[in-house]
Amino acid sequence: MSVLAKTWHLTPRSKLLAELGSNPQTGLSPSQAREGLGRLGPNLLISKPPVGPWRIFLRQFQDFMVLVLLGTVIVSIALGEYLDATAIFAIVFLNSILGFSQEYKAEKSLDMLGKLAAPHCTVLRDGHKLIVDASTLVPGDIIFLEPGDRVPADAVLLESQLLSVDESNLTGESVPVTKDENYRGSLDTPIGDLKNVVFKSTLVTRGYAKAVVVTTGMDTEIGEIAHLLQEKADVDTPLQQRLGQLGRILVFACLGIVALVFLAGIKQGLPVYKMFMVGVTLAVAAIPEGLPAVVTIALSVGVQRMSKQNAIIRQLPAVETLGCATVICSDKTGTLTMNQMEVQALWSPSTGLLESDEQSLRLRVGSHDSLYYAAATGSLCTKAEAYADGGFFGEPTEVALLRMAERSGLGGQATLRRKYQEVDVLPFDSERKRMTVVVKQGSDHLAFVKGAPDVIMQRCTHIMVGDQVVRFTQEYRQQAMQALDSMAANALRVLATAHKTLGRHVPPAKGWEQGLILTSLIGMLDPPRPEVPAAIREARLGGVRTIMVTGDHKRTAAAIAERIGILTPEASEVVTGAEWEALTPLQQRELIRSVAVFARVAPAHKLSIVRALQENGEIVAMTGDGVNDAPAVKEAHIGVSMGIQGTDVTREASDMVLLDDNFGTIIRAVREGRGIYDNIRKFIRYLLGCNVGEVLTMLVATLMGLPLPLVPMQILWMNLVTDGLPAIALGLDPTDEDLMLQKPRNPREGVFARGLLRRILFSGLLISLSTLLIFVFSLWFYPGDVLRSRTMAFTTLVLAQLVFSFQCRYERYSIFQMGIWGNTYLILAVLLSASAQVFILYNPFMANMFQTVPLTGDDWILVGLFAVLPLFVETVLRLIKQTLRRHLSLLKV
């Protein structure tokens, strides 16, 4: 860091800009920015290094059951059982490769999502404002700040308007600091008192600013003190926690069963070493110690799938909650609508309503008449920019007004700014609902004001009729209200423009917006997104209600809501923020059951709306973009922030970020959330069903005094190889077509709700029964050939589990109704697992290792019949149950 950089808060701005090679009017050139980035590196704080591939691979050997198996390898070697030791180690290694590939993909997915959710900022490059990744900033960049922004780097202020910054994460001071670009400190001025400087990672709470970046990355104040280097601890999702608890319960239950099998084998006179191996491998097969990890993989893959649909999940538990959502409270502008504003109508008392095409405005704008001031307000009272190449930069509403002004023939924004030199600004915010710019023309000062019609008109005492200023009488007020209602009924968003002559000396700010002269009402159309009506219908069919929450006029909001299908017989009320605020909490809870639209809403109202819905037992998703929306977004079960229009603080408070600010993306995310949860249930059903089948097979055979139907190597093979691939494939199952025809699930339901435990136990029982039947039959049919009988039982068990994987795709149907197609991954996994099973039967080395023999054609026919027997029995019972239910319903009728 240069000596100048250490004292940049004292350095005159012209000297500082020269040292940094920057121009406040044009910023850095792209080549300067690239050179600075190459020299200084990205504007990032050092964080926890990413988990490397080797660490992920070694992590596969840290699991308790894997360590048990590795201990078994050592015992086997000590006892001279080298073949067993080699086989067990090979299977553990193969399983570790499989686990590594899945975890590595999941890690990469989450890393990619972190990059997608990285902060952005507005920067001036080559005279144009651009939105760039904050990590690309370099010293000398000119940046722009507004409420809700995280300051992207340490910077010296060049201009500011009522700027306040929350520096609590740097200084510990909870009160926002008021900034002033004209402040000059001293060498020993504390950080908290440097009012002409903003610091990386602090939060803009109010006002606007233009600043020049002086340090980035680890050279910033927050980088040097490493205040933000603490990594957030990984927190298990509720489902992972429930499965972890379940796993601990099952551990004790399975160990009891394993001990019983071990003792029964010893009683029969079987060798202790052999029963020790059976006990260890059966414990490994029975205990579902990997379920929480498999859930993590499924959630990570699902989150990656959501990201491809423009929904970035910031918190994994939100994936579970999404499937439970019953109400979505959505902003209108940009989420339900296109956020592509176009001025459609303009009203003044002398012109009435007129279309705002270029020709009509150019013909009607006179010298200093009402339309002149309307166009001038659109060009000057704005944060938007018009460029010489015809481009625009800014918020869509302001760009629409600026485009109107540019078409009016006044000479463009640059010309007007030379004529009217900006002196001061009162920025727009969601509480004030207006913006004021004070300009100087010659020796006089004027205030240009724009904002919500009701807010502006109550501050107006006069109105312009042509080029004359007259009293804003009740008659004119009624005309304005009629024009406002007419535009609102056509779903136009309406802003009012006004101005005031301030005289030679600028009075205190509180007088700028009193006694205004109304010049026009401007109606803009923000058309609904074409996919929104279908998305709202899909949500309604899925038991999810949509409520529009907007700051727009009541009639405008109602017109848009009717057009997109939010108004329904069950929910048709349109309530304003003032009407809502006047109610008691009990009245609010009752009214909200029938509300479809909240209009003229301030951010404070959003929080009470969320709480009223939650008190009624709803699972609420709330969208937000402004800094004041953050409390409501954080309070909701699922906070949704906007990736385009949203502020940094709202994104940080949210669980999900919409990269396209699109309501349809929320519904797709809800569908994906439900699908991910369903897939987790599918592989829980599969894994536990297979485990139950294996344990019961060994337990019953041992208690009956039969020879062991499976040897330890075969149990390991099934558990770590043939079961694993189908389980992972079930986690990638496509969402069911009728998923959004079902009601949201209760977030408090257990893992085994809706009959899942019953299905697991019943399927495991059928698989075990089928395996034992073929084992007993083959012992009778091939007397003395235990090896062949065991091979047939082993193969039947493997194939029955593979057939079972297809049935796990459906909870309400049979595969005979739905077919086996639809999940290519599962088909490939089953084919690969079946091929591996055939390989160990016919390859001499593998057959010796797994104690199998080749099967004859007749053997395969028997194996095939017994492998599909569980599916056949389950299907017949399902048909009987459906028939009985149908008959009972007819009897009731």
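Under 6 Å by Cβ, and 6 or more places apart or on different chains, what pairs join a residue from the stretch 631-646 that is within 18 Å of Ala602 (Cβ to Cβ) and crowded, with 24+ Cβ neighbours inside 10 Å with one that is basic (Lys, Arg) and modelled with pLDDT of 85 or more?
That search, which allows pairs on different chains as well, returns Ala632/Lys606.
Out of (1) at positive phi; (2) at pLDDT 85 or above; (3) not basic (Lys, Arg), the odd one out for Gly705 is which?
Here Gly705 clears every test but (2).
The rows are residues; the columns are (1) assigned to a strand (DSSP E or B); (2) at pLDDT below 95; (3) more than 30 Å from Val469 (Cα to Cα); (4) among the aromatic types (Phe, Trp, Tyr).
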{"site": "Arg493", "(1), (2), (3), (4)": "yes, yes, no, no"}
{"site": "Thr501", "(1), (2), (3), (4)": "yes, yes, no, no"}
{"site": "Glu513", "(1), (2), (3), (4)": "no, yes, no, no"}
{"site": "Ile517", "(1), (2), (3), (4)": "yes, no, no, no"}
{"site": "Met524", "(1), (2), (3), (4)": "yes, yes, no, no"}
{"site": "Ile547", "(1), (2), (3), (4)": "yes, no, yes, no"}
{"site": "Arg555", "(1), (2), (3), (4)": "no, yes, no, no"}
{"site": "Ala604", "(1), (2), (3), (4)": "no, yes, yes, no"}
{"site": "Leu607", "(1), (2), (3), (4)": "no, yes, yes, no"}
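Select from the stretch 5-31 the residues that are among the hydroxyl-bearing types (Ser, Thr, Tyr) and either under 24 Å from Ile191 (Cβ atoms) or within 40 Å of the chain's Cα centre (by Cα) (or both) and list them in ascending order. So that I can check it myself, show each step before the final result.
First pass over the stretch 5-31, keeping only residues among the hydroxyl-bearing types (Ser, Thr, Tyr): 7, 11, 14, 22, 26, 29, 31.
Across the stretch 5-31, the qualifying residues are Thr7, Thr11, Ser22, Thr26, Ser29, Ser31.
Of the residues that make up the stretch 401-414, is at least one more than 20 Å from Leu521 (Cα to Cα) and modelled with pLDDT of 85 or more?
yes
I'd like to know if the stretch 720-741 contains one or more residues that are hydroxyl-bearing (Ser, Thr, Tyr), buried (at least 16 other Cβ atoms within 10 Å of the Cβ) and touching a Leu at 6+ places or on another chain (Cβ under 8 Å).
Yes: one or more hits.
Can you name the residue in the stretch 117-156 that is buried (at least 23 other Cβ atoms within 10 Å of the Cβ) and without any contact (Cβ under 8 Å) to a residue 60 or more places away in the chain and, of all such residues, is nearest to Ala211 (Cα to Cα)?
Among those residues, the one meeting the criterion is Ala155.
Within the stretch 399-426, how many residues turn out to be open to solvent by 20 Å² or more (accessible area, probe 1.4 Å), under 22 Å from Lys500 (Cα atoms) and within 35 Å of the chain's Cα centre (by Cα)?
Within the stretch 399-426, residues that are open to solvent by 20 Å² or more (accessible area, probe 1.4 Å), under 22 Å from Lys500 (Cα atoms) and within 35 Å of the chain's Cα centre (by Cα) number 1.
For Ser168, indicate whether it is without any contact (Cβ under 8 Å) to a residue 40 or more places away in the chain, among the small types (Gly, Ala, Ser) and out of contact with any Lys or Arg (no Cβ under 9 Å at 6 or more places or on another chain).
It is true that Ser168 is without any contact (Cβ under 8 Å) to a residue 40 or more places away in the chain, among the small types (Gly, Ala, Ser) and out of contact with any Lys or Arg (no Cβ under 9 Å at 6 or more places or on another chain).
Output the number of residues of the stretch 560-599 satisfying the condition of being in a helix (DSSP H, G or I), surrounded by fewer than 18 Cβ atoms within 10 Å (Cβ to Cβ) and not hydroxyl-bearing (Ser, Thr, Tyr).
12
Matching residues to (1) in contact (Cβ under 8 Å) with a residue 12 or more places away in the chain; (2) under 30 Å from Glu570 (Cα atoms); (3) open to solvent by less than 10 Å² (accessible area, probe 1.4 Å):
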residue	(1), (2), (3)
Leu484	yes, yes, yes
Leu518	yes, no, yes
Pro533	yes, yes, no
Gly551	yes, yes, no
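Give the residue that is modelled with the lowest pLDDT, with candidates limited to residues of the stretch 289-314 that are assigned to a helix (DSSP H, G or I), polar (S, T, N, Q) and open to solvent by 30 Å² or more (accessible area, probe 1.4 Å). Walk me through it before giving the result.
Step one: filter the stretch 289-314 for residues assigned to a helix (DSSP H, G or I), giving 291-307.
If we keep only those that are polar (S, T, N, Q) too, we end up with 296, 300, 304, 307.
Those still in the list that are open to solvent by 30 Å² or more (accessible area, probe 1.4 Å) too: 296, 304.
On the way: Thr296: 69, Gln304: 79.
That would be Thr296.
With (1) under 26 Å from Asn679 (Cβ atoms); (2) modelled with pLDDT under 85; (3) surrounded by 17 or more Cβ atoms within 10 Å (Cβ to Cβ) as the list, and Met713 as the residue in question, which single condition is left unmet?
(1)
So if I check each of Arg745, Arg790, Arg758, which one is crowded, with 17+ Cβ neighbours inside 10 Å and over 21 Å from Gly857 (Cβ atoms)?
Arg745
Return the pairs, sorted by first residue and then second, in which the second residue is open to solvent by less than 20 Å² (accessible area, probe 1.4 Å) and assigned to a loop (DSSP other than H, G, I, E, B), the first residue lies in the stretch 563-578 and is more than 23 Å from Ser608 (Cα to Cα), the beta carbons are less than 9 Å apart, and the residues are 6+ apart or on different chains.
Listed by first residue and then by second, the contacts come to Arg563/Ala491; Ile564/Leu336.
Please work out if Ser608 is among the polar types (S, T, N, Q) and touching a residue at least 40 places away in the same chain (Cβ under 8 Å). Give the steps one after another, and end with the answer.
Working: among the polar types (S, T, N, Q): yes; touching a residue at least 40 places away in the same chain (Cβ under 8 Å): no.
Considered against the rule, which asks whether it is among the polar types (S, T, N, Q) and touching a residue at least 40 places away in the same chain (Cβ under 8 Å), Ser608 comes out as no.
Among the listed residues Arg593, Arg540, Arg600, identify the single one that is in contact with a Ser or Thr (Cβ under 6 Å, 6 or more places away or on another chain) and of a type in the set (Lys, Arg).
Within the list Arg593, Arg540, Arg600, the selection yields Arg600.
Let's see how each residue does on (1) of a type in the set (S, T, N, Q); (2) at negative phi; (3) not in a helix (DSSP H, G or I):
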| site | (1), (2), (3) |
| --- | --- |
| Arg759 | no, yes, no |
| Leu765 | no, yes, no |
| Ser770 | yes, yes, no |
| Leu787 | no, yes, no |
| Tyr810 | no, yes, yes |
| Met849 | no, yes, no |
| Leu862 | no, yes, no |
| Phe866 | no, yes, no |
| Leu869 | no, yes, no |
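Taking the stretch 327-338 only, how many residues are in a loop (DSSP other than H, G, I, E, B) and surrounded by 21 or more Cβ atoms within 10 Å (Cβ to Cβ)?
Matching residues across the stretch 327-338 total 6.
So, in the stretch 39-66, of the ones that are open to solvent by 70 Å² or more (accessible area, probe 1.4 Å) and not in a loop (DSSP other than H, G, I, E, B), which residue ends up modelled with the lowest pLDDT?
Phe64
Given the conditions (1) in contact with a helix residue (DSSP H, G or I) (Cβ under 6 Å, 6 or more places away or on another chain); (2) open to solvent by less than 10 Å² (accessible area, probe 1.4 Å); (3) modelled with pLDDT of 90 or more, which single one is not true for Arg671?
Status for Arg671: all satisfied but (2).
Could you list, ordered by first residue, the pairs with Cβ atoms under 7 Å in which the first is in the stretch 427-451 and open to solvent by 40 Å² or more (accessible area, probe 1.4 Å) and the second is aromatic (Phe, Trp, Tyr), at least 6 apart or interchain?
That search, which allows pairs on different chains as well, returns Gln441/Tyr420.
The values are calculated or read from the model by the stated rules, or taken from the named source; none is laboratory data. Quantities reported herein were computed from a predicted structural model and do not represent experimental measurements. Positions of Cβ are backbone-derived with ideal geometry, glycine not excepted, and every protein chain shown enters the neighbour counts. Keep in mind that these areas ignore ligands, DNA and RNA; they rest on the heavy atoms of the full protein, side chains included. Shrake-Rupley method; radii C 1.70, N 1.55, O 1.52, S 1.80 Å.
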